[in-house]
Amino acid sequence: MTEPAPIPPPGCPAHAAAPLYGPRFQTDPAQVYRELRAAHGPVAPIELAGGVPGWLVIGYRELQQVTSRPQLFGRDSTRWNAWPTIPADWPLKPMMAPVPSILYAEGAEHRRRSAAVTEALAAVDQYELRKYCEEVADRLIDDFAGRGEADLVAEYAHRMPLLVLCRLFGLGEQEAPELIRGLLAMLDGGSDAQAGAQRLLTGMAALVAEKHEWPGADIPSRMMAHEAGLSDEEVVRDLRVLLIAGHQPCAYWISNALRLMLTDGRFAASLSGGRRSVSQALNEALWEDTPTQVFAGRWATRDTELGGQRIAAGDLVLLGLAGANADPAVRPDGGAPAEGNRAHLSYSHGEHGCPSPAQEVAEVIATTAIEVLLDRLPDLRLAAAEHALVWRPSAWVRGLVALPVAFTPGYVTG
C-alpha cells in the first residue's frame with residue numbers, strides 16, 4: 001500500500017498544484033479533472049487565482065464522505081488556516097468569507113435556518129409555477145422570435161430563472177437586470193466581485209424592509225413568519241444565498257442543456273419538441289456539464305486523511321461536483337449514464353445539499369424553458385462553430401458567455 005504524502009505546511013496542500021483558472025481550465029475543465037485523477041487520485045492539490053491553495057475532491061465516494069461528515073469537514077470558513085495570507089481585495093473572497101448565513105451555519109443553527117428556507121420553498125404552488133414559467137418563456141421568446149436569431153444566454157437562459165425568482169420573492173421584474181449584473185460579477189471572480197456581492201445584499205435588505213410593510217404569498221414573507229424566528233439580518237443573508245443558488249445553476253443548466261441538444265446528434269429528437277428527450281438532455285447535462293462545477297467549500301476541523309492525502313486542520317476542501325460525476329468508479333466506461341440515472345452529485349449531498357423543494361422548482365423552470373422554446377422555434381440551430389463557443393472564466397460555474405442561434409422567424413404571441 002502506498003504511503004500518503006507528508007503533511008504539507010498549513011494552507012499549502014502540496015507542490016504541483018493544478019490551477020483552477022486560466023484558458024485551459026476555462027475551456028476544458030474535464031481534461032484537468034482527468035489529469036488530476038491520474039496524478040493524485042480522488043483528492044488533488046489545486047490552486048485558486050492569486051496562488052491560494054486548496055484540495056479538490058473529485059472522487060464520488062470521497063465527496064459523499066466529506067458532505068456526510070460535518071463534524072470533520074465543517075462549513076464554517078472562519079477555521080480556514082490561510083486567512084492570514086488572503087488579501088482583503090481577493091476577488092474570490094465573496095464566495096468564502098465567513099458571513100452569518102445558512103451557507104456557513106452548522107449543527108442546530110443550520111437546521112433552524114434550513115427549516116425556514118425549505119418550508120418556504122415547499123409552499124410554492126407547482127401548478128401556478130409552471131403556468132407562470134410558460135408565460136415568462138413566451139414573453140422572452142416574443143422579444144426575439146421575429147428576428148430569426150438570438151443569444152440564448154443573455155436573452156433567455158439568464159433572464160428566465162431570475163424573472164421567475166423575482167415573482168417567487170415578491171420582487172418587481174424591473175429589478176432583474178441589476179440583480180443579474182451583481183450575480184455575474186460575484187461569480188466570475190473579477191475586480192468587481194465584492195461590489196456585486198454587496199449589490200445583492202443591499203437589494204435583499206430593501207426587499208425585507210418592504211415585506212414588513214406589505215407581506216404576501218412569497219418566499220421572504222413565509223421565511224419572516226416561520227416559527228424559526230429568523231431575524232431580519234438572517235432573512236436578508238439567506239435570501240441572497242437562495243437568489244444565487246436559485247439563479248446561476250438553473251440559468252446555466254438551461255443553456256448547457258440547449259448546447260447539448262444543438263451539438264449532440266443523440267438529442268436531435270429534442271428539437272422537434274420530444275418531451276422525453278428534453279428530460280433526458282437536462283439530466284445528461286447535469287452529468288456532463290453540471291452548472292456548478294466546484295463548490296466552496298468545506299474546512300477540515302482537525303488533521304485527517306482523505307483519498308490518500310493528508311489534510312491539515314483548517315485546510316480548504318473544495319467539492320468537485322463535476323469531477324465526481326465523471327469518476328470512473330461510477331462511470332467505468334466513461335460513456336453517457338443510463339437514461340433516468342439521477343445519482344449525479346450536481347445538487348451536492350448531505351445536510352448542506354440543495355433541498356428537495358428547491359430542486360423541484362429548478363426542474364420546473366428548466367424543463368418549461370426548453371419545452372416552450374422548442375415548441376415555438378422548432379428549427380433552432382447553432383449559429384456559430386461549436387469550438388468557437390466561449391465559457392465563463394469562473395472557478396465555480398460552467399456556463400457559456402453566449403449561445404448564438406438561428407431559426408425561421410416565428411410568430412409573436414398576443
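Read the figures in this text as sums done on the coordinates, not as results from a lab. Everything numeric in this text was worked out from a predicted model, so none of it was measured. When we count neighbours, we look across all protein chains shown, and the Cβ atoms used for this are built from the backbone with ideal geometry, even at glycine.
Mind running the shape call on segment 312-414? Use the C-alpha gyration tensor, a ≥ b ≥ c as the square roots of the eigenvalues: rounded below 1.5 for a/c, prolate if a/b tops b/c, oblate otherwise.
prolate
What is the magnitude of the charge dipole of segment 18-406 about its Cα centre, with +1 placed on the Cβ of each Lys and Arg, -1 on the Cβ of each Asp and Glu, and no other charges, expressed in debye to the nearest 20?
Computed about the Cα centre, the dipole is about 820 debye.
For segment 22-116, which GluC sites (Glu not before Pro) pass both filters: DSSP loop (anything but H, G, I, E, B) and at most 16 other C-beta atoms within 10 Å?
Listed in order of number, the matching sites are E106.
Under 13 Å from a point placed 7 Å out from the Cα of E128 along the Cα-to-Cβ direction: which residues of segment 217-236 have their backbone N that close?
Answer for this model: 217-222.
Could you give each residue of segment 135-152 its phi-based ³J(HN,Hα) in whole Hz, using Karplus coefficients 6.51, -1.76, 1.60 with θ = phi - 60°, and x for Gly or Pro?
Once rounded to whole Hz, the list reads 5, 5, 4, 4, 4, 5, 5, 4, 5, 10, 4, x, 8, x, 7, 6, 9, 6.
Taking +1 at the Cβ of each Lys and Arg and -1 at the Cβ of each Asp and Glu, which of H110, W391, Q65 sits farthest along the dipole of segment 18-406 towards its positive end, judged by Cα position relative to the Cα centre?
The Cα lying farthest towards the positive end belongs to Q65.
When the Karplus curve 6.51 cos²θ - 1.76 cosθ + 1.60 is applied with θ = phi - 60°, which whole-Hz ³J(HN,Hα) does each residue of segment 86-100 get, with x for Gly and Pro?
Result, ordered by residue: 7, x, 4, 9, 4, x, 8, 4, x, 7, 9, 4, x, 10, x Hz.
Calculate the dipole size of segment 90-244 relative to its Cα centre from +1 charges on Lys and Arg beta carbons and -1 charges on Asp and Glu beta carbons; express the result in debye to the nearest 20.
It comes to approximately 400 debye.
In deg cm²/dmol, rounded to 500, what helix-only [θ] at 222 nm does the chain give when every DSSP H run of at least 4 residues adds -39500 (n - 2.57) and the total is split over its residues?
-14500 deg cm²/dmol
Counting alpha carbon pairs within less than 8 Å and at least 6 residues apart, what relative contact order, in whole percent, applies to segment 18-406?
Averaging sequence separation for qualifying contacts and normalising by length gives 27 percent for segment 18-406.
Please name which of L403, Q309, S356 has its Cα lying farthest along the dipole of the chain towards the positive end, using unit charges on Cβ (Lys, Arg +1; Asp, Glu -1) and the Cα centre as origin.
Result: Q309, furthest along the dipole toward the positive end.
With θ set to phi - 60°, apply the Karplus curve 6.51 cos²θ - 1.76 cosθ + 1.60 along segment 23-28 and write out the HN-Hα couplings as whole Hz, x wherever there is a Gly or Pro.
x, 5, 5, 4, 7, 9
Quick one: which residues, 5+ away or cross-chain, put their amide H under 5 Å from the amide H of G314? H built at 1.01 Å from N.
Result for G314 returns A300, T301, R302.
Between R111 and A209, what length comes free when the chain is fully extended (0.36 nm per residue of separation minus the Cα-Cα distance, one decimal in nm)?
In short, 32.8 nm is gained.
Rounded, prolate or oblate for segment 343-382? Axes are the square roots of the Cα gyration tensor eigenvalues, ordered a ≥ b ≥ c, and the cut-off for rounded is a/c under 1.5.
prolate
Would you work out which of L374, H344, V236 lies farthest towards the positive end of the dipole of the chain? Charges go on Cβ: Lys and Arg +1, Asp and Glu -1.
Going by the Cα projections, it comes out as H344.
Name the longest site-free stretch of the chain, where the excluded sites are trypsin sites (Lys or Arg not before Pro) in a DSSP loop with no more than 15 other beta-carbon atoms within 10 Å.
It works out to 148-301.
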